[in-house]
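Below is one structure, written out as structure tokens; comments come after it.
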Amino acid sequence: MNHLKRCFAVLVVCLLAYQTSESFAQESTLDVGLRIQKSASFYFENGVSVLYSDKRFFTDSLFLGFHFVSSRFGSALNSNAINQDTILFSAAWYWRKTKSIRPFGQLNTGYFRADYEEAVFDVLPNSALIISPELGIGYESKIPLKIAVSVGYNLTSGNGESGPGTLYPIFMQMTATWRVINP
């Protein structure tokens, strides 16, 4: 649970740093929100997303992101499901910049870790580096709310012997973010 606290602390510090920089705010956008992710026929993993775009580099087309999802906030909450955490860094390209409905492509890279909790499972692989492309559709409302849904594919999934058995290849996600900094 300590790593969850550390991730949350880093997120809070980043948000405070972004909020205090006026010149930064004039050049960029920052969206913060919730991500709901579900592996096909498996766990729900919920968490946070932070998306950043700079007007000097393709404003409102290229978004760099940080996402943290965990089954601790999804299927493992008050159940005996396996606790698993995923940290992702992403680059997303949104087309149709002036429209409210925008298709996008996203490439994620990050780290996955499952906590099997019992020593008997220590022989099983429980972590992996992740690379996953996503394709989806985003909706930007008149208020600073953005909702995105997509389907992704983990190129580095596992079967329990050569990788974590709980890292499924196909996943769906929905992210709802609020624009906290707008140029």
Under the rule of at least 5 residues apart or a separate chain, name every residue whose amide H is placed under 5 Å from the amide H of PHE44. SER75
First select every other residue whose beta carbon is under 10 angstrom from the beta carbon of TRP178; then total the charges, Lys and Arg +1, Asp and Glu -1. +1
Residues with amide H under 5 Å of THR156's amide H, sequence separation 5 or more or different chain, H placed in the peptide plane at 1.01 Å from N; which? ILE131
May I ask you to evaluate 6.51 cos²θ - 1.76 cosθ + 1.60, the Karplus curve with θ = phi - 60°, for each residue of the range 138-146 and list the ³J(HN,Hα) values in order in whole Hz, giving x for glycine and proline? x, 10, 10, 8, 5, 7, x, 9, 10
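Where a number appears in this text, it was derived from the coordinates with a stated rule and is not lab data. Everything quoted here is computed from the prediction, not taken from an experiment. Neighbour counts run over all protein chains shown; Cβ positions are idealised from the backbone, glycine included.
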